[in-house]
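Okay, structure first, notes after.
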Amino acid sequence: MFKRPLCLLAGLIAAAVCVCLYLFPHEYEGPLMEKGSVITTEGYVSKVEYRDTAYGTGIAVIRIAAGTNADLGAEVYLQEGSKVPDIGEYISVRGSYAPFAAATNPGEFDSRSYYEILKTEYRIYDGQITGSRGGRDIVRQYLARLRLRSSKALDRSLDKEDASVMKAMLLADRASMDAEIKDLYQDMGIIHILSISGLHISILGMGLYRLLKRIYIPGSAARLMALTLTLSYCMMCGMGAGAVRALIMFILALMAEILERTYDMLTAISLAAILLIISQPMYIYHSGFLLSFGAVLGIALILPLIPELPDTYPLFIKRSMDTIRAGMAILLMTLPVQMNYYYTYPIYSILLNILVLPFVAILLILGISIILMDFVLEGFGGFAGIGATMILGYYKELCLLFRKLPGSTAYLGRADIRQIVIYYVLLAVFIIVRRHILTTEPARSRKKRPVQLYGPWALPLLAVIILSIRLRPDFRLTFLDVGQGSGIVVEAGGDTILVDQGSSSRDGIGGYVTEPYLKYRGIGYVDAAIVTHEDADHYSGILELLQGMERGGIRIGRLVLPDCAQSSRTEDYRELEATAGRAGVAISYIKRGDHFTIGRSSSPVDINCLGPVKGMISDEANAHSVILHLSYKNQSCMLTGDVEKEGLEELKDYLRTEGQAYGDVDILQAPHHGSRYSSDEELLDILSPDVTVISAGRNNSYGHPHKETLEMLSSVGSSYYITYEMGAVTIDGDGEIAFGR
């Protein structure tokens, strides 16, 4: 390490930034105003692109910053038909303010932090340019037009889905990428082929450099031309962390050749890390940055320590084994990152990459050929597009096939910071010991002592085991922040039950809130999903999960619905039944008097259903809401759904006679999001909750929770927490309460 001072410096800088950000967490300091407020801002245009959105097709999206491109800026969606400014132009923009959402649930994607790392503070929709001082960055404006022209060439030569993949691979444009294909690539572990990386630099920069040398262009001119092309390409694609890392390493490789020095990969990547972290310390939290650098470190530090096959083996077998070796090296270095950002690992990814990677370079060359041929004659790139379509079709079918295999996804969950530290300490010891053995012991001597040959591999194995340990709580109750709706997760030992998951104010609750939470906890199987009643703000997320099972998502063992009269079962109720049937999920119907237990036999969680009565007839779904009483040791909880009207009266009548068994609860889910019509003094006097959780969306049109409800809760001495204020509310079996992500 001391022979490579840049490596030591990079490590110290990264460690210092990690410690500082851990001890002094970054706090958001952006504008505090309501979403939809009219705002006027100004700055230099640093980026222009076009997107298809709900507001229209081919909407111009620009980025403006107060000073240079390094300054914190805003992303502006211009009004359709507006004149698009030039890059470098200083403009004033007026439009509708839209902040990036912060994560309020464990596992949820934090848009605010992500875009702040990318130095984008907020969005403006329906933007109108109200003033301009002129100015133009000729080079970057030309590159932006070249990128747009290349994007259109791909659109003309490929179908929409394939064009979106090629635009992501070649132009770093993922905004237009088909969501299902993106998720498929992510789930199966080949999403990395869409990143602008060293492979692109190798094909464009080194490829051009070697070509120019072969046609006898002087070395200095060849290097300058190759460097100019590579730099221009990275600028055109947005200078992402992976692209900048590859660019810096490419520049150092050229400099090493000029100076007639040996190129050192570790020194090159260390300099790249220093420059990127200095420019944006928050990159330490960026998954793309960590995975990109981790992959190179794995290749540099761990790959040489993994035995390779002799040259006597057939070429295909040897290259396949080399891919497996590289995959293992990258996995060992990046596994904690994979766990803490994606919470899962695709089991067959290394095998799948053996079948995918050999065609990536061909695919990139075909993509470049499509663009160049279209430049020569518009539409002519379709000939090269035939090959690209075949390869992309092959990729898709492979991914679909591997996703159907049993155990295709390992649900690892999020690792604790202490586990990560121990993991990398053990990995560092392994690297040191293994390198020492390989450099000091003759091969024959190692073969005679198998313990010395294979013994060090116990260290990374132990590291993986420690990193994968997840202690399951005997009882944990989480009220997710789903906006205006309800989403509850009950965890007990190794069992998991969902009670409602839905929202009327947020789309995609199943994919954006519930599934990430389950993955965060390392849960890939839900024993039962209970829908209290068939209002969309209670079941939409569960419907998404049922539909996602066909695509290899979280599995649900049983769907539980209220046992109401046939005449009271709405079309939404029938849709839930039908979707569960298609997914192969068993259906049960729950009523008052039903009882079951979950969790460990030594400390089970008892669940009793207090409503609805069997075959209940109701005018509205709220009335026949499922009401559950949970008890764990000395702790009790009442989950009430949206019970109201006749259902509420039924519940009070029952509690008057059974109050001793079910009254005086520790935790109450406020009925119907805190509506004044679903709680009264009599009910609260019987239940006498210590803590009440109210699931409601900020500024909802219903006014939930109502002032009267909050006053009644205070009058019975109950503390209350509202999800739109606190985020997710998590209560453990020992009574400890945690809020937010």
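The values are calculated or read from the model by the stated rules, or taken from the named source; none is laboratory data. Since this is a predicted model, take the numbers as computed values, not measurements. With ideal geometry, Cβ positions are generated from the backbone for all residues, glycine too; neighbour counts draw on all protein chains shown.
Give me a count of the residues in the range 679-707 that are without any contact (Cβ under 8 Å) to a residue 40 or more places away in the chain, in a loop (DSSP other than H, G, I, E, B) and under 28 Å from Gln660 (Cα atoms).
The total comes to 4.
From (1) more than 26 Å from Phe475 (Cβ to Cβ); (2) surrounded by 22 or more Cβ atoms within 10 Å (Cβ to Cβ), pick out the condition that doesn't hold for Ile554.
That leaves (1) as the condition not met.
Taking the range 295-318, which residues are part of a helix (DSSP H, G or I) and either surrounded by fewer than 16 Cβ atoms within 10 Å (Cβ to Cβ) or free of Cβ contacts under 8 Å to residues at least 40 places away in the same chain (or both)? Spell out how you get there, then give the answer.
Of the residues in the range 295-318, the ones part of a helix (DSSP H, G or I) are 295-305, 315-318.
Leu297, Gly298, Ile299, Ala300, Leu303, Pro304, Leu315, Phe316, Ile317, Lys318, listed by residue number.
Any residue that is closer than 29 Å to Lys652 by Cα, of a type outside the set (Gly, Ala, Ser) and touching a Phe, Trp or Tyr at 6+ places or on another chain (Cβ under 9 Å) - is there at least one of those in the range 563-570? Steps first, please.
From the range 563-570, those closer than 29 Å to Lys652 by Cα are 563-570; that's our starting set.
Still in the running and of a type outside the set (Gly, Ala, Ser): 563-564, 566, 569-570.
With the extra rule that they be touching a Phe, Trp or Tyr at 6+ places or on another chain (Cβ under 9 Å), the set shrinks to 563-564.
Within the range 563-570, one or more residues are closer than 29 Å to Lys652 by Cα, of a type outside the set (Gly, Ala, Ser) and touching a Phe, Trp or Tyr at 6+ places or on another chain (Cβ under 9 Å).
Restricting attention to the range 682-701, does a residue exist that is buried (at least 18 other Cβ atoms within 10 Å of the Cβ), over 36 Å from the mean Cα position of the chain (by Cα) and among the polar types (S, T, N, Q)?
Looking for residues that are buried (at least 18 other Cβ atoms within 10 Å of the Cβ), over 36 Å from the mean Cα position of the chain (by Cα) and among the polar types (S, T, N, Q), one finds none in the range 682-701, hence no.
Give Ala103, Ala163, Ala168 a once-over and let me know the one that is buried (at least 16 other Cβ atoms within 10 Å of the Cβ), within 30 Å of Thr478 (Cα to Cα) and aliphatic (A, V, I, L, M).
Details: Ala163 fails: within 30 Å of Thr478 (Cα to Cα); Ala168 fails: within 30 Å of Thr478 (Cα to Cα).
Ala103 is the lone residue from the list that is buried (at least 16 other Cβ atoms within 10 Å of the Cβ), within 30 Å of Thr478 (Cα to Cα) and aliphatic (A, V, I, L, M).
Filter the range 71-100 down to the residues that are aliphatic (A, V, I, L, M) and closer than 16 Å to Thr53 by Cβ, then identify the one that is surrounded by the most Cβ atoms within 10 Å (Cβ to Cβ). Break it down stepwise before answering.
So in the range 71-100, the residues aliphatic (A, V, I, L, M) come out as 72, 74, 76, 78, 84, 87, 91, 93, 98.
With the extra rule that they be closer than 16 Å to Thr53 by Cβ, the set shrinks to 76, 78, 84, 98.
Details: Val76: 27, Leu78: 23, Val84: 15, Ala98: 18.
So the residue we want is Val76.
Would you call Leu271 modelled with pLDDT of 85 or more, under 22 Å from Ala384 (Cβ atoms) and part of a helix (DSSP H, G or I)? I'd like the intermediate steps shown before the answer.
Details: modelled with pLDDT of 85 or more: yes; under 22 Å from Ala384 (Cβ atoms): no; part of a helix (DSSP H, G or I): yes.
Spelling it out, it is not the case that Leu271 is modelled with pLDDT of 85 or more, under 22 Å from Ala384 (Cβ atoms) and part of a helix (DSSP H, G or I).
Considering each of Gly81, Gly95, Gly127, Gly131 in turn, give the residue that is small (Gly, Ala, Ser) and either part of a loop (DSSP other than H, G, I, E, B) or assigned by TED's automatic domain parsing to the domain that holds Met549 (or both).
Details: Gly95 fails: either part of a loop (DSSP other than H, G, I, E, B) or assigned by TED's automatic domain parsing to the domain that holds Met549 (or both); Gly127 fails: either part of a loop (DSSP other than H, G, I, E, B) or assigned by TED's automatic domain parsing to the domain that holds Met549 (or both); Gly131 fails: either part of a loop (DSSP other than H, G, I, E, B) or assigned by TED's automatic domain parsing to the domain that holds Met549 (or both).
When all the criteria are applied, what remains is Gly81.
Do we have Gly494 as surrounded by fewer than 22 Cβ atoms within 10 Å (Cβ to Cβ), small (Gly, Ala, Ser) and either more than 22 Å from the chain's Cα centre (by Cα) or more than 26 Å from Pro705 (Cα to Cα) (or both) here? First the steps, then the outcome.
Values: surrounded by fewer than 22 Cβ atoms within 10 Å (Cβ to Cβ): yes; small (Gly, Ala, Ser): yes; either more than 22 Å from the chain's Cα centre (by Cα) or more than 26 Å from Pro705 (Cα to Cα) (or both): yes.
Yes: the conditions hold for Gly494.
Only one of these is touching a residue at least 40 places away in the same chain (Cβ under 8 Å) and within 16 Å of Ile556 (Cβ to Cβ): Asp474, Asp481, Asp500. Name it. Spell out how you get there, then give the answer.
Working: Asp474 fails: within 16 Å of Ile556 (Cβ to Cβ); Asp481 fails: within 16 Å of Ile556 (Cβ to Cβ).
Within the list Asp474, Asp481, Asp500, the selection yields Asp500.
Does Ile196 fit the bill of being assigned to a loop (DSSP other than H, G, I, E, B), out of contact with any strand residue (DSSP E or B) (no Cβ under 9 Å at 6 or more places or on another chain) and buried (at least 16 other Cβ atoms within 10 Å of the Cβ)?
Details: assigned to a loop (DSSP other than H, G, I, E, B): yes; out of contact with any strand residue (DSSP E or B) (no Cβ under 9 Å at 6 or more places or on another chain): yes; buried (at least 16 other Cβ atoms within 10 Å of the Cβ): yes.
Here the answer is yes, as Ile196 does meet what is asked.
Limited to the range 671-706, what total is found for residues that are among the polar types (S, T, N, Q) and within 19 Å of Ser631 (Cβ to Cβ)?
Restricting attention to the range 671-706, the residues satisfying the condition of being among the polar types (S, T, N, Q) are 675, 678-679, 688, 692, 695, 699-701.
After this cut, where a residue has to be within 19 Å of Ser631 (Cβ to Cβ) as well, the list is 688, 692.
Of the residues in that region, 2 qualify.
Count, please, the residues in the range 134-185 that happen to be among the hydrophobic types (A, V, I, L, M, F, W, C) and in a loop (DSSP other than H, G, I, E, B). Full working, then the answer.
So the first thing to find is which residues in the range 134-185 are among the hydrophobic types (A, V, I, L, M, F, W, C), and the list is 138-139, 143-144, 146, 148, 153-154, 158, 163, 165-166, 168-172, 175, 177, 179, 181, 184.
Checking the rest, the ones that are also in a loop (DSSP other than H, G, I, E, B) come to 158, 172, 175, 177.
Adding up the residues that qualify gives 4.
Checking the condition buried (at least 19 other Cβ atoms within 10 Å of the Cβ) and either farther than 30 Å from Ala410 by Cβ or of a type outside the set (A, V, I, L, M) (or both), which residue from Leu212, Leu184, Leu154, Leu143 passes? Break it down into steps so the answer makes sense when it comes.
Working: Leu212 fails: buried (at least 19 other Cβ atoms within 10 Å of the Cβ); Leu184 fails: either farther than 30 Å from Ala410 by Cβ or of a type outside the set (A, V, I, L, M) (or both); Leu143 fails: buried (at least 19 other Cβ atoms within 10 Å of the Cβ).
Selected residue: Leu154, the only one of Leu212, Leu184, Leu154, Leu143 that is buried (at least 19 other Cβ atoms within 10 Å of the Cβ) and either farther than 30 Å from Ala410 by Cβ or of a type outside the set (A, V, I, L, M) (or both).
Any residue at all in the range 244-267 that's crowded, with 19+ Cβ neighbours inside 10 Å and touching a residue at least 60 places away in the same chain (Cβ under 8 Å)?
Scanning the range 244-267 turns up at least one residue that is crowded, with 19+ Cβ neighbours inside 10 Å and touching a residue at least 60 places away in the same chain (Cβ under 8 Å).
Out of all the residues in the range 518-540, is one or more free of Cβ contacts under 8 Å to residues at least 12 places away in the same chain, charged (D, E, K, R), part of a helix (DSSP H, G or I) and farther than 20 Å from Tyr342 by Cα? First the steps, then the outcome.
Going through the range 518-540, the residues free of Cβ contacts under 8 Å to residues at least 12 places away in the same chain turn out to be none.
No: zero hits.
How many of the residues making up the range 659-706 are among the hydrophobic types (A, V, I, L, M, F, W, C) and either in contact with a Ser or Thr (Cβ under 7 Å, 6 or more places away or on another chain) or within 29 Å of Glu34 (Cβ to Cβ) (or both)?
Looking only at the range 659-706, we keep the residues that are among the hydrophobic types (A, V, I, L, M, F, W, C), and these are 661, 665, 667-668, 670, 683-684, 686-687, 691, 693-694, 696.
After this cut, where a residue has to be either in contact with a Ser or Thr (Cβ under 7 Å, 6 or more places away or on another chain) or within 29 Å of Glu34 (Cβ to Cβ) (or both) as well, the list is 665, 668, 670, 691, 693-694, 696.
Summing the residues that are among the hydrophobic types (A, V, I, L, M, F, W, C) and either in contact with a Ser or Thr (Cβ under 7 Å, 6 or more places away or on another chain) or within 29 Å of Glu34 (Cβ to Cβ) (or both) in the range 659-706 gives 7.
Among the listed residues Pro346, Pro310, which satisfies the condition of being in contact with a helix residue (DSSP H, G or I) (Cβ under 6 Å, 6 or more places away or on another chain) and of a type outside the set (Lys, Arg)?
On the way: Pro310 fails: in contact with a helix residue (DSSP H, G or I) (Cβ under 6 Å, 6 or more places away or on another chain).
Just one listed residue meets the conditions, Pro346.
For Ile201, work out the one condition from (1) under 25 Å from Ser46 (Cα atoms); (2) touching a residue at least 12 places away in the same chain (Cβ under 8 Å); (3) surrounded by fewer than 22 Cβ atoms within 10 Å (Cβ to Cβ) it doesn't fulfil.
(3)
Is it the case, given these coordinates, that Ile370 is within 23 Å of Met166 (Cα to Cα), in contact (Cβ under 8 Å) with a residue 40 or more places away in the chain, outside any loop (DSSP other than H, G, I, E, B) and more than 30 Å from the chain's Cα centre (by Cα)?
Values: within 23 Å of Met166 (Cα to Cα): yes; in contact (Cβ under 8 Å) with a residue 40 or more places away in the chain: yes; outside any loop (DSSP other than H, G, I, E, B): yes; more than 30 Å from the chain's Cα centre (by Cα): yes.
Criteria met by Ile370.
Among the residues of the range 413-432, are any modelled with pLDDT under 90 and aromatic (Phe, Trp, Tyr)?
Checked against the condition, which is being modelled with pLDDT under 90 and aromatic (Phe, Trp, Tyr), the range 413-432 yields no hits at all.
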